[in-house]
Amino acid sequence: HRKIRELEGIIQLKRGNISVISSQLDSEQSRAADMERAGRDIPETTLEKIRRLEAQIRDIEREISAQRQDIGEMKKAYESDIKRLEEITGETRTLPLEPEEN
């Protein structure tokens, strides 16, 4: 359970990072749109920053997806271990795999 909760905590932090980066991206895109409307060229540095921010979001989303997959695999392994233990002991578990939310 601890490892799963740890991964879920990391996912929450990464979602927070995505929010911050998304705000930065919105700001840069807004500045670029203002420049375009004013008939000015968008500096390459601004375009590069937009591309970099978009890439960061994609990378973090991929990490989150991989961690969710890890969580799913851990849960399957826990279930397998629990079933095997139940077979060996002849007793059923007394606690759910998913802890109750407080």
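Considering only the range 86-102, I want to know if a residue exists there that is in contact with a Phe, Trp or Tyr (Cβ under 7 Å, 6 or more places away or on another chain) and surrounded by 11 or more Cβ atoms within 10 Å (Cβ to Cβ). The answer is yes; a qualifying residue exists.
Okay, residues lined up against (1) modelled with pLDDT of 90 or more; (2) touching a Cys at 6+ places or on another chain (Cβ under 7 Å); (3) acidic (Asp, Glu):
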{"position": "GLU61", "(1), (2), (3)": "yes, no, yes"}
{"position": "ILE64", "(1), (2), (3)": "yes, no, no"}
{"position": "GLU79", "(1), (2), (3)": "no, no, yes"}
{"position": "ILE82", "(1), (2), (3)": "no, no, no"}
{"position": "GLY90", "(1), (2), (3)": "no, no, no"}
{"position": "ARG93", "(1), (2), (3)": "no, no, no"}
{"position": "PRO99", "(1), (2), (3)": "no, no, no"}
{"position": "ASN102", "(1), (2), (3)": "no, no, no"}
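Scoring ASP41 on the criteria (1) loosely packed, with under 12 Cβ neighbours inside 10 Å; (2) not aromatic (Phe, Trp, Tyr); (3) not in a loop (DSSP other than H, G, I, E, B) leaves a single failure, condition (3).
The values are calculated or read from the model by the stated rules, or taken from the named source; none is laboratory data. These figures come from a predicted structure and were not determined experimentally. Positions of Cβ are backbone-derived with ideal geometry, glycine not excepted, and every protein chain shown enters the neighbour counts.
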